[in-house]
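The values are calculated or read from the model by the stated rules, or taken from the named source; none is laboratory data. As the structure is a prediction and not an experimental result, all values here were calculated from the model. Note that each Cβ is placed from the backbone with ideal geometry, even for glycine, and that neighbours are counted across all protein chains shown. The area values use the complete protein model at the heavy-atom level, side chains included, leaving out ligands, DNA and RNA. Shrake-Rupley method; radii C 1.70, N 1.55, O 1.52, S 1.80 Å.
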Amino acid sequence: MLPASLDEAVDALAATPAAVPVAGATDLMEAVNAGRLRPAALVGLGRITELRGWRYEDGGTAVLGAGLTHARMDRPDFAALIPALADAARTAGPPQVRNVGTLGGNIVTAAPAGDTLPVLTALEASVTLARAGASREVPVSHLLTGLDPVRPGELLTWVRVPLLHAPQVFLKATGRSGPARATASVALVLDPARRAVRCAVGAVAPVPLRPLEAEAWVAGCIDWDGSREIDPAATAAFGEYVAAACVPDSYGAEGAWEAVTEGPSAAAVRLRRTVSVLARRALGRALK
Amino acid sequence: MTSPTDIGAALQQDGGEGGAPEPFGLGSSPLRSDALPKALGIYPYAADLWAEGLLWGAVLRSPHPHARIRGIDTSAALALPGVHAVVTAADLPPGPDGGPDGAPAGPIVADRPVLAAGVVRHHGEPIAAVAADHPDTARLAVGLIAVDYEPLEAVTDPEQAFTAPALHPDGNLFRHLPLRTGDPDAVGEIVVEGLYQVGRQDPAPLGAEAGLAVPRPDGGVELHLSSTDPHGDRDRTAACLGLEPDRVRLVVTGVPGATTDREDISFQVTLALLALRTGRPVKMTLTREESFQTHTSRHPALLRYRHHADAEGTLVKVEAQILLDGGAYADVSAEALAAATAFSVGPYVCPNVFVDAWAVRTNNPPAGRMRGEGALQACFAYESQLDQLAARLGVDPVEIRRRNAMATGDPMPTGQAVTCPAPVGALLEAVAAEPLPALPVDDPDAEWLLPGGPGGAGDPAAVRRGIGYAVGMVHMLGAEGEDEVSTATVRVSGDHATVICAAVDSGQGFATLARQIVQTVLGVSEVYIAPADSDQSIAGPSARGRHTWVSGGAVERAALMVRHQLLQPIAANFGMSVELLQIADGKITSYDGVLGMPVAEALEGKELWATAQCRPHPTEPLDESGQGDAFVSIAFCAMRAVVDVDIELGAVRVVEMTVAQDVGRALNPRQIEDRIEAGVAQGVGLALLEDLRTEGGVLQNPSLTGYRLPTALDTPEVRIAALLEERDVVATFGAKAVSAVPAVVAPAAVAAAVRAATGLPVGRLPIRPEDAVAV
Ligand SMILES: Cc1cc2nc3c(=O)[nH]c(=O)nc-3n(C[C@H](O)[C@H](O)[C@H](O)COP(=O)(O)OP(=O)(O)OC[C@H]3O[C@@H](n4cnc5c(N)ncnc54)[C@H](O)[C@@H]3O)c2cc1C
């Protein structure tokens, strides 16, 4: 099924509850090829042009269509709007994948290494889930943690992102030069109006993690009224703080659920080092 | 890098439409004939084959690395509508004791069953196969085969293989090769020691295994496969099926990537068996996961070294212990071990060498042939040792190598004198003399240059540049007494020639070379290369760089015989000797210019045929102290790697590789450069990315997402400093094989550069980010 409008799409889903929506199919086809998914029917979202762009709301919010491709989000006009999301889109796989892979697909797949997810988490974005005749607004974090998941027959239509008009950064470690999934990623955004720093760490846990205490602490170290300078020692300490908050001692150790008494595992030490470097560099770039 | 317009222009030129005339003969660089169809996507591979009424095959594989099979129940699979046959070891000819033994096969030792009989020894080992009228039905039926396994303890640490219970009736030791030469008590003033480890690299061919089997009316079978050894594969298939070899015909289809061997024997025998059983053509295409499970990978290795040197850094003694993990079956482990042992010191002179090397059986995936098998692992270790020695002495790494470099005539530790050119010193000079690439500038526009890739987390302040050198060697052709021979037929009629030779062009460019040879000898520009199949005379496998020499030699001889037949009557007519005539541009001319006759006219409508063989001089096995003239010839290569390392994140980017290679004679410079680039890419992959991981014998990343192949962004600029042309007088055209040695040397060079950038020892390949963090 190839509906040409949102209404047609939600009607199609309502009429065929077993149907699965498909956008760029970069995740979906992988599951089909591996035999993990045999969709009874597909609802293609590619023709719904309204979902492929964005609009503004109440002056301070951008409403992004779920059908925005990574390639589109990487263009300068979008990058000027939400720089961290553009950064994430730029690194989300090889060009062939970014040309068709979408924001909505990235969110619904909710892979631990999904690159847009820490950015949306740091931005405290929310999504609109639509079904025939009704729609609801859910914070991205609730969706990702499973607190409020996508229900059968629902379509992710819009992503609401606050426009902060301040530096924001997404950094990703992959261990190679070519396109790859993140081994760890950090999204960091400044919110000068609220004098806040918001940060999310991706790929180290099933969902992006927010180091709330580290955020609050570092916000207090920044000279918000002046040139937004910060003591380099505070930047380094922020990195360590974030890493310690997001990577548990037991990371990667056998029986990870049990308390590890001998201190952090070797894997935890390595991952913390990576997260700490990413967080330090992200803050450094945001305040440069 | 080549831009799309360059490629377009090159292709147009090859098409010859209005462009410059096509380069011609040896020493020129004509474009390969398969380049255009491959670029256009119309080149046929085995997965594109089709036959009327074909069935689809699928294989059941073991989920366990080691288990006893107590029973197999195929009834549910057979009952599934659309299923035509289900086969197990019981359907293959029985073993010596009358019971099923899975018809074991192998390139050296026949120890790997086609279908597991009684026991499985590695994750993914084939147990049963199905033919059905739809691929989905075949896979569904595979899922319905019930196997009663009794899981056994898996031996996955090669060091445990010595004491573990035998995993196979042949035992756990494939080969122990001691090498002893000189004075065991010699000591040097300086001693450096190291432990080196190499992971499991997979050939990961672009196209997974695929083939089509068609039953023949005479009870035999025709196999369409991307084989790189049509006769060997035919003979082994026939033996496993209990057929006469001439009842099996193997037709070679387009090879979608092969570094040496392609389809494993189990795949093709199973395919043939299904066709024979059902009387219908059967097609089978493996999934990427199965492909990783079934074909052989590079031998993981553990190497322990101790180098003794005098105060000047001249080598006094080398002691080494080398352990290769051969996985579940023997394959070519014995041969890889011989290379690792014989080249354990590298292209250096050392009077006292004591090595013990073992290749053992484990429940890990089977290892086999991959460019420079054995030689590569040793190169990483001895070059790391030389770096340590240089560091200890405070000597430049190039200088330490120069001081010890081998030259023509020097003895190897095996006692064999290197009689071929060994321009090790000159190769080193060539790479060291090349200008270095510019340093990364602290400029946001150049961000893509940083380790971590475009849009990555790289920070110029944390980037350190490292420069490393490595030299290495690898033998060409079969070693240790293997009979090396190839046969070719050349035919001339009208204005064109045809080459019939079963040497498979696996992408290495043999077809292009054969064309160039005939062009040079016979002066005809249009040369057709017949597709390879096993009904032609034997040419042997596409491996160990042998076809340029052995099959190229056979083509040259056959062409010379045709030339003689063509010129003899003319020479007699004019009362001059054949030597005074020459052929060029399709014309026969005499030395004095009096005669000028088109080839087509000289032929008088006749067809001239000749068949010739090439068989290089024989070699001998290494004896019980690792001594013997085991190799026909050896190729050398030097590289300089330049890397940038983000020392906080451990991300490494190889900026440039500078290569000087001993090629004997450059028969097709462009193809040589292509081969060097391919070897560098594969070597960089092994050095930084590629590792087929196992956990308790179970593959962890059998996919192209999990198994990280180098992309264009991971592959460095390759700068060719020199293709040294010192003829190898015994080789065909004086040319040396070019493909393996760059892959052998590149990992060692990258490791040396990372060592230089980080100051860390770097004893393990691939180098993981955590191995390159230096803060
Ligand atoms: C080679 C390769 C490399 C990749 N590298 C990366 C990477 O580096 N980083 C990264 O983050 N991702 C990567 N991906 C994953 C993938 O490309 C992204 O997750 C992409 O954003 C998915 O979008 P899509 O439009 O292709 O989703 P699809 O495959 O079309 O859909 C994915 C899932 O989302 C559902 N869905 C899609 N749109 C909607 C909607 N509007 N409403 C409700 N449900 C919907 C589908 O039903 C399906 O379950 C890679 C993929 C490949 C194949």
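Quick notes
- Boolean, B:THR498 is touching a Gly at 6+ places or on another chain (Cβ under 8 Å) and either open to solvent by 50 Å² or more (accessible area, probe 1.4 Å) or over 26 Å from B:VAL730 (Cα atoms) (or both): no
- Scanning region B:731-773 for residues that are within 14 Å of chain A (Cβ to nearest Cβ) and assigned to a helix (DSSP H, G or I), we see that the one that is nearest to B:TYR382 (Cα to Cα) is B:VAL750.
- Scan of region B:554-600 for residues that are assigned to a loop (DSSP other than H, G, I, E, B) and either at pLDDT 90 or above or under 45 Å from the mean Cα position of the chain (by Cα) (or both), ordered by number: B:SER577, B:ASP585, B:GLY586, B:TYR591
- Residues being part of a strand (DSSP E or B), open to solvent by 80 Å² or more (accessible area, probe 1.4 Å) and within 20 Å of B:ALA503 (Cα to Cα) - total across region B:601-629: 2
- Selection from region B:4-48 of residues that are modelled with pLDDT under 50 and of a type outside the set (A, V, I, L, M, F, W, C): B:PRO4, B:THR5, B:ASP6, B:GLY8, B:GLN12, B:GLN13, B:ASP14, B:GLY15, B:GLY16, B:GLU17, B:GLY18, B:GLY19
- Filtering region A:18-32 to residues that are near the ligand (Cβ under 9 Å from one of its atoms) and within 14 Å of chain B (Cβ to nearest Cβ) leaves A:THR26, A:ASP27, A:MET29, A:GLU30, A:ALA31.
- Of all residues in region B:698-730, those satisfying the criterion of being away from every other protein chain (no Cβ under 14 Å) and crowded, with 23+ Cβ neighbours inside 10 Å are B:LEU699, B:ASP728.
- Members of region A:1-55 that are open to solvent by 90 Å² or more (accessible area, probe 1.4 Å) and touching a strand residue (DSSP E or B) at 6+ places or on another chain (Cβ under 6 Å): A:MET1, A:LEU2, A:ARG52, A:ARG55
- The set of residues in region B:459-481 being open to solvent by less than 20 Å² (accessible area, probe 1.4 Å) and facing another protein chain (nearest Cβ under 9 Å) consists of B:ALA462 alone.
- Search result, residues across region B:79-92 that are outside any strand (DSSP E or B) and under 22 Å from B:GLY124 (Cα atoms): B:THR88, B:ALA89, B:ALA90, B:ASP91, B:LEU92
- Count of region A:71-113 residues which are assigned to a loop (DSSP other than H, G, I, E, B), near the ligand (Cβ under 9 Å from one of its atoms) and open to solvent by 10 Å² or more (accessible area, probe 1.4 Å): 7
- Residues that are crowded, with 21+ Cβ neighbours inside 10 Å, more than 19 Å from the chain's Cα centre (by Cα) and farther than 30 Å from A:VAL97 by Cβ, drawn from region B:734-756: B:ALA749, B:ALA751, B:ALA752, B:ALA753, B:ARG755, B:ALA756
- Looking only at region A:116-142, residues that are open to solvent by less than 10 Å² (accessible area, probe 1.4 Å) and within 14 Å of the ligand (Cβ to nearest atom) come to 9 in all.
- Count of region B:646-672 residues, restricted to those that are charged (D, E, K, R), open to solvent by 10 Å² or more (accessible area, probe 1.4 Å) and within 14 Å of chain A (Cβ to nearest Cβ), is 3.
- Cβ-Cβ contacts under 8 Å between residues 6 or more apart (or on different chains), taken from a first residue in region B:180-194 that is touching a residue at least 24 places away in the same chain (Cβ under 8 Å) to a second residue that is part of a loop (DSSP other than H, G, I, E, B) and among the hydroxyl-bearing types (Ser, Thr, Tyr), are listed as B:ARG180/B:SER625; B:THR181/B:THR414; B:THR181/B:SER625.
- In region B:682-697, the residues that are under 16 Å from the mean Cα position of the chain (by Cα) and either of a type in the set (Val, Ile, Thr) or away from chain A (no Cβ under 12 Å) (or both): B:GLN682, B:GLY683, B:VAL684, B:LEU686
- Taking the criterion of being assigned to a loop (DSSP other than H, G, I, E, B) and within 26 Å of the chain's Cα centre (by Cα), the residues of region B:206-241 that qualify are B:LEU206, B:GLY207, B:ALA208, B:GLU209, B:SER226, B:SER227, B:THR228, B:ASP229.
- Residue check for A:GLU240: open to solvent by less than 40 Å² (accessible area, probe 1.4 Å), part of a helix (DSSP H, G or I), touching a residue at least 12 places away in the same chain (Cβ under 8 Å) and of a type in the set (Asp, Glu): no
- Restricted to region B:137-183, and to residues there that are assigned to a helix (DSSP H, G or I) and of a type in the set (Gly, Ala, Ser), the residue that is most open to solvent (accessible area, probe 1.4 Å) is B:GLY143.
- Within region A:33-44, the presence of a residue that is within 13 Å of the ligand (Cβ to nearest atom) and closer than 30 Å to A:ARG194 by Cβ is excluded.
- Selection count, region B:360-408, where residues are closer than 13 Å to B:PRO347 by Cα, assigned to a helix (DSSP H, G or I), open to solvent by 10 Å² or more (accessible area, probe 1.4 Å) and in contact (Cβ under 8 Å) with a residue 60 or more places away in the chain: 1
- Members of region B:230-277 found to be among the acidic types (Asp, Glu) and open to solvent by 20 Å² or more (accessible area, probe 1.4 Å), listed by number: B:ASP235, B:GLU244, B:ASP246, B:ASP261
- Among the residues of region A:161-181, those identified as within 10 Å of chain B (Cβ to nearest Cβ) and either at pLDDT 95 or above or assigned to a strand (DSSP E or B) (or both) are A:VAL169, A:PHE170, A:LEU171, A:LYS172, A:ALA173.
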